[in-house]
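Following: one structure in structure tokens, then a few remarks.
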Amino acid sequence: MALPLIPFNIPLTPEALNSFHAVKASQRRLGDLIHYYSDSIAAKESLKADNPLVYEVWEMENEAPGRCLSFGMTRVSPGKVGREYFFTRGHFHAGEDGDELYVILKGRGVLLLFSKDGHCETIDMLPDQICYVPGHMAHRVVNTDSKELVFFTVWPPRIVHDYATITKMGFPKLVLAGQNGPEAVDNPAFSIVPD
Ligand code: S6P
Ligand code: ZN
């Protein structure tokens with residue numbers, strides 16, 4: 001999509017983005033994400049009862065020549081599969097030079113990041129904060145709250161989103177509901193797979 005070079009302003013809400021002409025919307029349900037959850041038995045059991053909406057994304061991929069900003073919004077539902085909180089699939093930006101900014105609008109969560117050498121970081125996501133995602137780090141958002149988590153995103157256009165590496169490696173950490181709240185624990189299924 002090429003955004004015309006005219007100024008505009010719109011409210012910072014999913015509804016406004018959803019009705020903005022250049023924005024593409026997509027939805028991910030539990031059935032689309034079943035292989036991403038660590039507890040596959042709990043995932044299959046949950047699916048028998050329902051196929052809930054896990055997250056929605058609105059994206060304005062500005063592919064016009066010379067343009068350097070794309071933007072979007074993500075809304076992650078509250079919920080768990082077993083003890084694991086709902087999350088986005090997560091991806092690398094191929095080329096590793098496309099940084100990204102997240103602006104947290106509503107809710108609370110955890111941003112999981114890791115680089116291909118296995119270095120992992122977890123960052124809290126709180127309302128009115130920004131989170132910076134370095135271009136070489138895979139990123140996944142986990143909603144650890146009982147309400148929806150909504151964040152606005154800005155990134156350079158023409159980035160290739162690499163989901164295949166996450167499918168092969170997983171994330172080094174899982175975010176689970178513990179006795180004293182959310183806890184990030186090592187993912188026993190994580191392995192570094194060379195390119
Ligand atoms: C794009 C940016 C976000 C995610 C969205 C959904 O670079 O990081 O817009 O696309 O949060 O996550 P995922 O992992 O399914 O693309
Ligand atoms: Zn990204």
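The values are calculated or read from the model by the stated rules, or taken from the named source; none is laboratory data. Note that this is a predicted model, so its numbers are computed, not measured. Note: ideal-geometry Cβ built from the backbone for every residue, glycine included; neighbour counts use all protein chains shown. These area figures cover heavy atoms from the full protein model, side chains too; ligands, DNA and RNA do not enter into them. Shrake-Rupley method; radii C 1.70, N 1.55, O 1.52, S 1.80 Å.
Per residue, the chain reaches -2500 deg cm²/dmol at 222 nm when only DSSP H runs of four or more residues are counted, each adding -39500 (n - 2.57).
Rolling a 1.4 Å probe across all protein chains gives Trp58 an accessible area of roughly 10 Å². For a 23 Å ceiling on Cα separation, which of these pairs sit above it: Lys44/Lys173; Lys44/Lys168; Lys24/Lys168; Lys80/Lys147; Lys80/Lys106; Lys48/Lys80? Where the Cα-Cα span goes over 23 Å, the pairs concerned are Lys24/Lys168.
Here is the size of the chain from its Cα atoms: Rg then Dmax, 16.7, 52 Å.
Each Lys and Arg adds +1 at its Cβ and each Asp and Glu adds -1 at its Cβ; summed about the Cα centre, the chain shows a dipole of about 440 debye.
DSSP beta bridges confined to region 74-183 are antiparallel in about 100 percent of cases. Between rounded, prolate and oblate, where does region 86-195 land on the alpha carbon gyration tensor, with a ≥ b ≥ c its root eigenvalues, rounded for a/c under 1.5, else prolate if a/b exceeds b/c? Oblate, because a/c is 1.5 or more while a/b does not exceed b/c.
Each label point was placed 7 Å from the Cα along the Cα-to-Cβ direction; for Glu96 and His35 their separation is 2.5 nm. Summed over the residues of the chain and divided among them, the accessible surface reaches 52 Å² per residue at a probe radius of 1.4 Å.
Label point 7 Å out from Leu53 along Cα-to-Cβ: which residues of region 79-102 have amide N under 18 Å? From region 79-102, the list is 79-80, 86-89.
With the simple model of a label 7 Å out from the Cα in the direction of the Cβ, Lys24 to Glu45 spans 3.7 nm.
Within the shell defined by Cβ-Cβ distances under 10 Å, the residues around Leu176 carry a net charge of 0, with Lys and Arg each +1 and Asp and Glu each -1. Is region 90-131 best put as rounded, prolate or oblate by its Cα gyration tensor, with a ≥ b ≥ c the root eigenvalues, rounded for a/c under 1.5, and otherwise prolate when a/b is larger than b/c, oblate when not? Because a/c hits 1.5 or more and a/b fails to exceed b/c, region 90-131 counts as oblate. The spacing between region 82-108 and region 167-193, judged by their C-alpha centroids, is 15 Å.
Ignoring ligands, DNA and RNA, what percent of the 1.4 Å accessible area of region 1-134 is carbon and sulfur? After summing per-atom areas, the C and S share lands at 53 percent.
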